[in-house]
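Nothing in this text is a laboratory measurement; each read-out follows from the coordinates by a stated rule. The structure displayed is predicted, hence computed values, not measured ones. Neighbour counts are summed over all protein chains in view; Cβ atoms, including those assigned to glycine, are modelled from backbone coordinates with ideal geometry.
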Amino acid sequence: MAITKAKKQDILAKLEGVKNDSDSIVFVSFRGLPVSDVTAMRAGLREQGVGYFVAKKTLMKRAFDGAFEGTMPELDGEIAVAYSADAIAPAQNVKTFTEKYKDNLAIVGGVFQGVYKTREEMTEIASIPSLQVLRGMFVNVINSPIQGLAVALNALAEKKSA
């Protein structure tokens, strides 16, 4: 079905907004995904503050051409963009859904910190733990020596009292 020129301009304006306002963009291939699953995925992404937008590849190429460093990944099949102001959230959330819908959904590539990334690089970025988990890991690293000292002092106190 042909898209009117006015509709194409609206889509380009939306893609320009995505390009300018997002820290991270993930290109998502979605082939044969049922409407109910797409609706559930969009709702899940929206809850996490991640936008999801489907557009024609030619319009995506026109909007993103020359905007970022590197080479834009090959966009084959039906493509959507997942985007957010959070740098890691789009990749993490899309990866969660790709695990759920393995046969129908895949990360094709993306943009991270102003540079085009391949599928492998975006999947690697998606495996970075969330900020909350990283903070917990950091606190554990700081607490570990203190905990060891407390155990050693407790053992010494028990030895002297016995």
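Counting 0.36 nm for each residue step from Ser130 to Thr4 and taking away their Cα separation leaves a gain of 41.2 nm.
Would you please classify the overall shape of region 15-94 from the alpha carbon gyration tensor, given that a ≥ b ≥ c denote the square roots of the eigenvalues, rounded means a/c under 1.5, and beyond that prolate means a/b larger than b/c while oblate covers the rest? Since a/c reaches 1.5 but b/c is at least a/b, the shape of region 15-94 is classed as oblate.
For region 89-135, the relative contact order comes to 37 percent (Cα pairs under 8 Å, sequence separation of at least 6). Per residue, the chain reaches -18000 deg cm²/dmol at 222 nm when only DSSP H runs of four or more residues are counted, each adding -39500 (n - 2.57). Along the axis of the charge dipole computed for the chain (Cβ charges of +1 for Lys and Arg, -1 for Asp and Glu, origin at the Cα centre), the listed residues Val139, Tyr101, Tyr116 are led at the positive end by Tyr101. Its Cα centre serving as origin, region 60-134 has a Cβ charge dipole (Lys and Arg +1, Asp and Glu -1) of approximately 140 debye. Per-residue 3J(HN,Hα) values for region 146-161, derived from phi via the Karplus relation 6.51 cos²θ - 1.76 cosθ + 1.60 with θ = phi - 60°, read 5, 5, x, 5, 5, 5, 5, 5, 5, 5, 5, 5, 5, 5, 5, 6 Hz in sequence order (x marks Gly and Pro). Whole-Hz Karplus values for region 81-88 come out as 10, 10, 8, 6, 6, 7, 5, 10 Hz, taken residue by residue from phi with 6.51 cos²θ - 1.76 cosθ + 1.60 and θ = phi - 60°; glycine and proline positions read x.
Going down the list Lys5/Lys100; Lys19/Lys102; Lys5/Lys56; Lys61/Lys100, which pairs span over 25 Å between their C-alpha atoms?
Lys5/Lys100; Lys19/Lys102; Lys61/Lys100
The gain in end-to-end length when the Val54 to Val141 segment is fully stretched comes to 27.1 nm, 0.36 nm per residue minus the alpha carbon separation. Residues whose amide H falls under 5 Å from that of Lys117, counting only those 5 or more places apart or on a different chain, are Gly110, Val111, Phe112, with hydrogens built in the peptide plane. Note: relative contact order over the chain, using C-alpha pairs below 8 Å and six or more positions apart, is 28 percent.
With a/c under 1.5 counting as rounded, go ahead and sort region 65-112 into rounded, prolate or oblate using the C-alpha gyration tensor (a ≥ b ≥ c being the square roots of the eigenvalues; past the cut-off, prolate if a/b is larger than b/c, else oblate).
Here region 65-112 falls in the oblate category.
Taking 7 Å steps out from each Cα toward its Cβ at Ala85 and Ala67 produces label points 1.7 nm apart. Here region 111-136 and region 11-28 have alpha carbon centers that stand 17 Å from each other. Using the Cβ of Leu15 as centre and a radius below 12 Å, the other residues enclosed give a net charge of +3, where K and R count +1 and D and E count -1. For region 122-136, backbone phi angles converted through the Karplus equation (6.51, -1.76, 1.60; θ = phi - 60°) give residue-by-residue couplings of 5, 5, 5, 4, 5, 7, 5, x, 5, 4, 5, 5, 4, 5, x Hz, Gly and Pro being listed as x.
Is the C-alpha gyration tensor of the chain telling us rounded, prolate or oblate? Criteria: a/c under 1.5 is rounded; beyond that, a/b larger than b/c is prolate, otherwise oblate. Note, shape of the chain comes out prolate.
Each of Asp21 and Glu120 was given a label point 7 Å from its Cα along the Cα-to-Cβ line. The distance between the two points is 3.5 nm.
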